[in-house]
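Asks: This is the structure, below, for whatever I ask next.
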């Protein structure tokens, strides 16, 4: 979601009208979807109070006590950590509870230590290349180019599925630049995020796809649901159905491969555009450890190698020649 205003509006009256459409600063602290989650979580919390026969807290000491009791309750009932996050975030947003309920925040932190999130495993580079080969075998150059781009640039699914002809700059004989859609971190920093495209094969297929696109047209033909089905089908066809791979695995796999290749964590953190360096470090280092433990079956290796051979053959036939 792009910023709603720009700074080049000089007329005071025009700024006033634009800001009236956007709404108050208070209402724009979080986006509409996030605000809905906070409201739902707060409603569940208040319903729990009523079900337990408890009065709504009248001071912060009592609020912290009931929030702690509620977190213990949803922990024991098997609810998700996301619900706990939304509850405390909702309390912070609607009640201004930040720093006033340290005990509840400590319980949430303990929850996070005890229950590690189920992250998408990193996709090995050979599997990403094989997927691109399978896409080309179906005549879907757009899918192939997006797989290569997502892996090389560590793109999140909502980023690479929204790439358009206008957001990719591909100078002849130079590295390309991908300007990403307005991301959460980009909005916080007030600037679009970009990634340099250095991989020759990725550049080659991006140029092929963009040559068939009109100005501003998405690289992806059709909807994202079809691509996600293609992704799942590829994983199955390559004999890797039991590993839990998801489209997000392209981002984790690309970052992990880059770190393994260059041994430069700062490069990876910059290219990956992580808002929290600690999160990026966890994703990359944990991904490297997972890839070190990863072992494909002999059958999967054969399928992957066959798909990569097809990718190379089709790319060569289409005019690709590696210069370095």
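Conditions tested, residue by residue: (1) touching a strand residue (DSSP E or B) at 6+ places or on another chain (Cβ under 7 Å); (2) assigned by TED's automatic domain parsing to the domain that holds residue 274; (3) assigned to a helix (DSSP H, G or I); (4) surrounded by fewer than 16 Cβ atoms within 10 Å (Cβ to Cβ).
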position	(1), (2), (3), (4)
146	no, yes, yes, no
159	no, yes, yes, no
174	no, yes, no, yes
181	no, yes, no, no
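Asks: Sticking with this structure for a sec: In this structure, does residue 57 turn out to be outside any helix (DSSP H, G or I), outside the structural domain of residue 158 (by TED's automatic domain parsing), closer than 30 Å to residue 162 by Cα and modelled with pLDDT under 90?
Replies: For residue 57, the condition - outside any helix (DSSP H, G or I), outside the structural domain of residue 158 (by TED's automatic domain parsing), closer than 30 Å to residue 162 by Cα and modelled with pLDDT under 90 - is not met.
Asks: Any chance you could count how many residues in region 229-248 are buried (at least 20 other Cβ atoms within 10 Å of the Cβ) and in a loop (DSSP other than H, G, I, E, B)?
Replies: 4
Asks: Based on this model, can you work out whether residue 277 counts as farther than 29 Å from residue 133 by Cβ, out of contact with any strand residue (DSSP E or B) (no Cβ under 6 Å at 6 or more places or on another chain) and assigned by TED's automatic domain parsing to the domain that holds residue 240?
Replies: Considered against the rule, which asks whether it is farther than 29 Å from residue 133 by Cβ, out of contact with any strand residue (DSSP E or B) (no Cβ under 6 Å at 6 or more places or on another chain) and assigned by TED's automatic domain parsing to the domain that holds residue 240, residue 277 comes out as yes.
Asks: From the list 267, 278, 322, which one is in a helix (DSSP H, G or I) and either modelled with pLDDT of 95 or more or touching a helix residue (DSSP H, G or I) at 6+ places or on another chain (Cβ under 9 Å) (or both)?
Replies: One residue alone meets the criteria, 267.
Asks: So residue 119 clears everything in (1) buried (at least 20 other Cβ atoms within 10 Å of the Cβ); (2) under 26 Å from residue 31 (Cα atoms); (3) in contact (Cβ under 8 Å) with a residue 60 or more places away in the chain except one condition, right? Which one?
Replies: (1)
Asks: Can we say residue 130 is farther than 27 Å from residue 281 by Cβ, assigned by TED's automatic domain parsing to the domain that holds residue 274 and in contact (Cβ under 8 Å) with a residue 60 or more places away in the chain?
Replies: So residue 130 passes the test.
Asks: So, residue 154, is that one assigned by TED's automatic domain parsing to the domain that holds residue 274, surrounded by fewer than 14 Cβ atoms within 10 Å (Cβ to Cβ) and under 18 Å from the mean Cα position of the chain (by Cα) or not?
Replies: The answer is no for residue 154.
Asks: For residue 253, state whether it is assigned by TED's automatic domain parsing to the domain that holds residue 160, closer than 22 Å to residue 197 by Cα and surrounded by 21 or more Cβ atoms within 10 Å (Cβ to Cβ).
Replies: It is true that residue 253 is assigned by TED's automatic domain parsing to the domain that holds residue 160, closer than 22 Å to residue 197 by Cα and surrounded by 21 or more Cβ atoms within 10 Å (Cβ to Cβ).
Asks: Continuing with the same structure: Kindly indicate the residue of region 161-172 that is free of Cβ contacts under 8 Å to residues at least 40 places away in the same chain and farther than 19 Å from residue 224 by Cα and also surrounded by the fewest Cβ atoms within 10 Å (Cβ to Cβ) among those meeting that condition.
Replies: Among them, the one singled out is 172.
The values are calculated or read from the model by the stated rules, or taken from the named source; none is laboratory data. What you see is a predicted model; the values in this text were computed from it and never measured. All Cβ positions, glycine included, derive from the backbone under ideal geometry; neighbour counts span all protein chains shown.
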